Amino acid sequence: MLSSTQYLYKSNLSLINESAPAGFVKPKIQFEAHRLEDGCLHRQPPTKNNDRLSGYEVIWIKSGSGSFLVDMEKYDIRDNMLYLLSPGQRHLFKPNEGMQGYRICFSDEFLYMSGGQTTQFLSENQRVKSLNLPVLEISREIQNDIEEIVKAMIREYATNFQFRSDILKGLLRILMVYFSRKFEFHETSGSKCADSELFENFKSLIRKNILIKKTVSEYARDLAVTPCYLSEVVKKASGFTASYHIQQGIIHEAKRRAICLGESMKEIAYYLGFNDIAHFSKFFKNQAGINFSEFKKTIA
């Protein structure tokens, strides 16, 4: 079993080994399902191993309170809310005592192998992808249905029977159908899909290269498009300019180092390539809407 710290920060999904006839080896599949009250999510101090999520996480809070810190944005937790976390995100979960609910983790590969168009809404639906933390309020009409599916997942995950992953994939597909209905999933045209893919690739490159690339032209070159075209696509997809997303990438990294590593403004400024600490201070205030010292107080 993974430690609670690994659950929270690394999201290294455990591997399901099928029970199968001797000599027959099935591929290992990434999936987990747990009850929150069993301790799969605990309040933990930030560590240097606060890696980005490698897969998807569905966290359903049936009852309880607390907060989420997702990509340095804070969200309050409420009863009967379901939170969707995507690959590449960082999150810090701060539950209060007595929380009840469920947590499901699965890789992109496992989602894909679940089959069906509706299973792709997490990775393709632009309404989902435009939100930093997509949230579903579970209505009473479907609460019992969804809970039965999740409980079946937990029971099946706890076994080591043959065809376990096949059953889990089927259950995940059914769960995705409920989610896609809630998000009113619709197909997008080919051109929109191409632009959406460009936008997502742009955001992915920012996460990977924010320390060494800080201009629109550098990212446009990597994506084999002109800076003007990239800016146009990003503006249409998000409502913000390409340079805004780059600037926010810098701010997110600055906040992460302040929260997770406890670094000073001088240390962060130097790490991010700012030679003038006053310049960084002004940049942080303009982009974050709060000065650095005030931000540090909010996370103390």
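The values are calculated or read from the model by the stated rules, or taken from the named source; none is laboratory data. Every value quoted in this text rests on a predicted model; they were computed, and no experiment measured them. Ideal geometry is used to build each Cβ from the backbone, glycine not excepted, and the neighbour counts take in all protein chains shown.
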Got a number for residues in segment 84-113 being out of contact with any Lys or Arg (no Cβ under 8 Å at 6 or more places or on another chain) and in a helix (DSSP H, G or I)?
4
Does TYR271 count as at pLDDT 90 or above, under 15 Å from LEU211 (Cβ atoms) and surrounded by fewer than 19 Cβ atoms within 10 Å (Cβ to Cβ)?
yes
Check on GLY88, surrounded by fewer than 19 Cβ atoms within 10 Å (Cβ to Cβ), at pLDDT below 80 and either more than 12 Å from the chain's Cα centre (by Cα) or β-branched (Val, Ile, Thr) (or both):
no
Filter segment 256-268 down to the residues that are over 22 Å from PHE68 (Cα atoms) and surrounded by fewer than 16 Cβ atoms within 10 Å (Cβ to Cβ) and list them by number.
SER264, LYS266, GLU267
Quick check on segment 216-232. Is at least one of its residues buried (at least 19 other Cβ atoms within 10 Å of the Cβ) and under 25 Å from HIS91 (Cα atoms)?
no
Going by the structure shown, is ILE206 β-branched (Val, Ile, Thr) and either in contact with a Phe, Trp or Tyr (Cβ under 9 Å, 6 or more places away or on another chain) or at pLDDT below 90 (or both)?
yes
Could you please let me know if SER238 is among the polar types (S, T, N, Q) and crowded, with 17+ Cβ neighbours inside 10 Å?
yes
Those residues of segment 274-287 which are more than 22 Å from SER217 (Cβ to Cβ) and surrounded by fewer than 19 Cβ atoms within 10 Å (Cβ to Cβ), in sequence order:
ASP276, ILE277, ALA278, SER281, LYS282, LYS285
Residue list for segment 271-300, filter: of a type in the set (D, E, K, R) and closer than 18 Å to LEU69 by Cα:
GLU294, LYS296, LYS297
